[in-house]
Amino acid sequence: DAGVIQSPRHEVTEMGQEVTLRCKPISGHNSLFWYRQTMMRGLELLIYFNNNVPIDDSGMPEDRFSAKMPNASFSTLKIQPSEPRDSAVYFCASSLDRGPNQPQHFGDGTRLSIL
Amino acid sequence: AQRVTQPEKLLSVFKGAPVELKCNYSYSGSPELFWYVQYSRQRLQLLLRHISRESIKGFTADLNKGETSFHLKKPFAQEEDSAMYYCALSGGRGATNKLIFGTGTLLAVQP
């Protein structure tokens, strides 16, 4: 298993542009998480899905951020319009929701730079 | 409110010295706590979980409910232990897999 796959690995774009980050969870996992990592704030949970349904999006910073999970094998995180303060590493993780203490498996992350 | 606090952004020790990475939490319930590690150029990965009471790569962590702490310890640090360490709390009824992370501690083990 290749694990959680994220694309692109790096994204550099100008402010105001739309950015779409993609994630393919581990096959069979039914929970998917989007995190943002910055030096100042560490790892912050943005949103998570269970069985393709968004459960908690309280970490999504603004309306500029949106996430979808159209099926069990794909999710997107979109920023529109992007701003320089959105620059961070964005991680996707998946897990099998069989109760507590299930580990989350992380992707390699997308390093986003907004100029 | 649920919170995880890692007071040290950076911890630098010499090889062979003991290591203790501090983690405190606030949670109104029975917490489930984890340590995740991110080595250079690798993915963030689970190191250990308190429920398993295990030792991984020489690291242990004991949940102290009285002090609301879950410090990560290793008696003799190795250079390959250099990495970013995150303490995480799983909480919320109906949200059994949701993790709240601390801000992380960078462990640097000097030769």
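Could you go through the range A:68-86 and let me know if any residue there is of a type in the set (G, A, S), more than 9 Å from chain B (Cβ to nearest Cβ), under 13 Å from the mean Cα position of the chain (by Cα) and within 27 Å of B:L106 (Cβ to Cβ). No, the range A:68-86 contains no residue that is of a type in the set (G, A, S), more than 9 Å from chain B (Cβ to nearest Cβ), under 13 Å from the mean Cα position of the chain (by Cα) and within 27 Å of B:L106 (Cβ to Cβ). The set of residues from the range A:18-42 being of a type in the set (S, T, Y), surrounded by fewer than 21 Cβ atoms within 10 Å (Cβ to Cβ) and part of a strand (DSSP E or B) comprises A:T20, A:T38. Here the range A:66-89 is the region considered, the condition is being touching a residue at least 60 places away in the same chain (Cβ under 8 Å) and touching a Leu at 6+ places or on another chain (Cβ under 9 Å), and the residue that is surrounded by the fewest Cβ atoms within 10 Å (Cβ to Cβ) is A:P84.
Just to be sure before I move on: is A:Q102 more than 10 Å from the chain's Cα centre (by Cα) and either loosely packed, with under 15 Cβ neighbours inside 10 Å or closer than 30 Å to B:H50 by Cβ (or both) in the structure I sent? Answer is yes for this residue. Consider B:S82 against the criteria (1) within 27 Å of A:I5 (Cα to Cα); (2) touching a Lys or Arg at 6+ places or on another chain (Cβ under 9 Å); (3) of a type in the set (S, T, Y): it satisfies all of them except one. Which criterion is unmet? For B:S82, the exception is condition (2).
Taking strands (runs of 3 or more DSSP E) as the structural unit, those lying wholly within the range B:1-106 and holding at least 2 residues that are more than 9 Å from chain A (Cβ to nearest Cβ) and touching a residue at least 40 places away in the same chain (Cβ under 8 Å) correspond to B:3-5, B:10-14, B:19-21, B:24-26, B:32-38, B:72-74, B:83-90.
The set of residues in the range A:90-111 being free of Cβ contacts under 8 Å to residues at least 12 places away in the same chain and more than 8 Å from chain B (Cβ to nearest Cβ) consists of A:R98 alone. If a residue has to be of a type in the set (A, V, I, L, M, F, W, C) and under 11 Å from the mean Cα position of the chain (by Cα) to count, how many in the range A:49-67 make the cut? Total satisfying the criteria: 4.
Within the range B:12-25, does at least one residue satisfy the condition of being farther than 16 Å from B:A108 by Cα and aliphatic (A, V, I, L, M)? Checking the range B:12-25: not a single residue is farther than 16 Å from B:A108 by Cα and aliphatic (A, V, I, L, M).
The single condition from (1) buried (at least 21 other Cβ atoms within 10 Å of the Cβ); (2) within 14 Å of another protein chain (Cβ to nearest Cβ); (3) out of contact with any Asp or Glu (no Cβ under 8 Å at 6 or more places or on another chain); (4) of a type in the set (S, T, N, Q) that A:S58 fails is (1).
Going by the structure shown, is A:M15 in a loop (DSSP other than H, G, I, E, B), surrounded by fewer than 15 Cβ atoms within 10 Å (Cβ to Cβ), touching a residue at least 24 places away in the same chain (Cβ under 8 Å) and of a type in the set (A, V, I, L, M, F, W, C)? Spelling it out, A:M15 is indeed in a loop (DSSP other than H, G, I, E, B), surrounded by fewer than 15 Cβ atoms within 10 Å (Cβ to Cβ), touching a residue at least 24 places away in the same chain (Cβ under 8 Å) and of a type in the set (A, V, I, L, M, F, W, C). Checking the stated criteria, A:G28 turns out to be at pLDDT 90 or above and out of contact with any strand residue (DSSP E or B) (no Cβ under 7 Å at 6 or more places or on another chain).
The values are calculated or read from the model by the stated rules, or taken from the named source; none is laboratory data. What you are looking at is a predicted structure, and each value in this text was computed from that prediction instead of being measured. In this analysis, Cβ positions are derived from the backbone assuming ideal geometry, glycine residues included, and neighbour counts consider all displayed protein chains.
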